Amino acid sequence: MVSEEIGYRGPTACAAAGITYRQLDYWARTGLVEPSVRPAHGSGTQRLYSFRDVVVLKIVKRFLDTGVSLQNIRTTVQHLRERGFRDLERMTLMSDGATVYECDTPDEVHALLQGGQGIFGIAVGVVWRDVESALSQLHGERVDTGETLIGPNPTDELARRRNRAV
């Protein structure tokens, strides 16, 4: 379960997305993926990323790993930002290496594949679940109080039940 009441510091976001802190910092400073919960305000302040921010970080990483240019990734992230990052978990992002396409239905995926060019896709729902699983094992922070949440995410019903059974 995704909670908008929990934010993740840089090192946690990096661990869940599989990126380096240097990448995270560069992407934040250049506006590729900025923390939506709390941006850095000068030296010593901690950025705080939302769950969706971490999903987008992992999507960016996957596209970079497959050779999509940073310029095309920026265009994709801007498109997702304009959509308000809605329905990410139901989306498939496809790329032919040059352009990134958003596909919401199997028919749209099929139409792209019919083009005959080499194409790959990212099922965002899979990335969503990967990030959810990774973050459930890492530290989060309550947005309202700043309290550090250690271990399984307290908003995860399955984790709460496991903790009660012990």
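The values are calculated or read from the model by the stated rules, or taken from the named source; none is laboratory data. Every value quoted in this text rests on a predicted model; they were computed, and no experiment measured them. All Cβ positions, glycine included, derive from the backbone under ideal geometry; neighbour counts span all protein chains shown. Heads up: the accessible areas ignore ligands, DNA and RNA and are worked out on the full protein's heavy atoms, side chains in. Shrake-Rupley method; radii C 1.70, N 1.55, O 1.52, S 1.80 Å.
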| said: Counting each pair of different Cα atoms once, what's the Kirkwood radius of the chain in Å, rounded to one decimal? | reply: 16.8 Å
| message | Amide H of Leu48 versus every other amide H placed in the peptide plane: which residues, excluding those fewer than 5 positions away on the same chain, fall under 5 Å? | response | Val37, Arg38
| When ranked by the protection proxy of mean other Cβ atoms within 10 Å per residue, highest first, what sequence do the peptides 136-146, 102-112, 46-56 form? | 46-56, 136-146, 102-112
| request: Give me the accessible area per residue for the chain, probe 1.4 Å, as a whole number in Å². | output: 55 Å²
| message | Could you work out [θ]222 nm for the chain from helices alone, using -39500 (n - 2.57) per DSSP H run of at least four and dividing by all its residues? Round to the nearest 500 deg cm²/dmol. | response | -13500 deg cm²/dmol
| How large, in percent, is the carbon and sulfur part of the accessible surface of the chain at a probe radius of 1.4 Å? | 50 percent
| query | Using heavy-atom solvent-accessible surface (probe 1.4 Å) with all chains present, what is the largest-first order of Ile119, Ile19? | reply | Ile119, Ile19
| task | Would you mind calculating the gained length between Phe120 and Thr148 on full extension (0.36 nm times residue separation, minus the Cα-Cα distance), in nm to one decimal? | result | 6.3 nm
